[in-house]
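Before any comments, here is the structure.
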Amino acid sequence: MNEKSKKSHSRYRKSPNDFAKTVIVFVVTAIIIIVGAIIAVNKPACNLVHKLEADMPIGIRDIEIDQSQNTLTPIDSESLAFGSHIANITCEKRGIEVPAYYGSNRVSFRYGAGVLNDEKPPFSAGKNTFITGYDETYFMSLKYVQKGDKFVITTSDKTINYKVIDTFIGENNDSAAEKYNDNLILKSIFSDFGENSAKRLYVICEKTSEEVNAK
């Protein structure tokens, strides 16, 4: 190969830098296309999610909670709405101090614990009141609770004292809880990892006294 041919051949040979530039251009182009596609479908997707959520039962809907609520909402109030701050839960021995919101859904769990809603107001005589929270957040210390520990529930008009009489790990809506009546039942939701994956810790509390709060 003569000198002229060598120069001509080297002119068309791609260097490593040329290959790198080609790859970068390809990657950037792909990113632009993907981001554009995401932006194009994002709004319709969000609208669809909001529409589906609006059709859900309000008890599981991802409602917003007003954390600036300075006073507890009366439990027997006709205006009692999901997300209302209705009680505070305290177990001094285990360092538990948790706000309880009306409605057992993920938003209540995000800001505290959720009180199961049904046909009777919470903490009514002759029925169990279920309060649920996440094991990794507000109910983190619930696993250390033992029989005999004391809980205090403070509502807008009364203070209720409870004593723990039983604890067990079971399934959600476990039939073992059905034998109890007129009790406070605290439920801790375990994470999706570990030996108790997707199970519940039940803490059964019996009322020992009740006091009317001073106005």
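The values are calculated or read from the model by the stated rules, or taken from the named source; none is laboratory data. Here the structure is a predicted model, which means the values were calculated and not measured. Glycine gets a Cβ as well: all are built from the backbone with ideal geometry, and neighbour counts include every protein chain shown.
What the table below lists for this structure:
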quantity	calculated
Tally, over region 109-135, of residues that are within 18 Å of the chain's Cα centre (by Cα) and over 21 Å from D174 (Cα atoms)	3
Residue in region 110-119 that is in a helix (DSSP H, G or I) and out of contact with any helix residue (DSSP H, G or I) (no Cβ under 6 Å at 6 or more places or on another chain) present	yes
T132 vs. criteria β-branched (V, I, T), within 21 Å of I86 (Cα to Cα) and assigned to a loop (DSSP other than H, G, I, E, B)	no
Qualifying residue in region 168-185 (condition: part of a strand (DSSP E or B), within 22 Å of F82 (Cα to Cα) and at pLDDT 90 or above)	yes
Test: residue in region 87-94 that is under 13 Å from the mean Cα position of the chain (by Cα) and crowded, with 22+ Cβ neighbours inside 10 Å	no
Flag if E195 is loosely packed, with under 13 Cβ neighbours inside 10 Å and assigned to a helix (DSSP H, G or I)	no
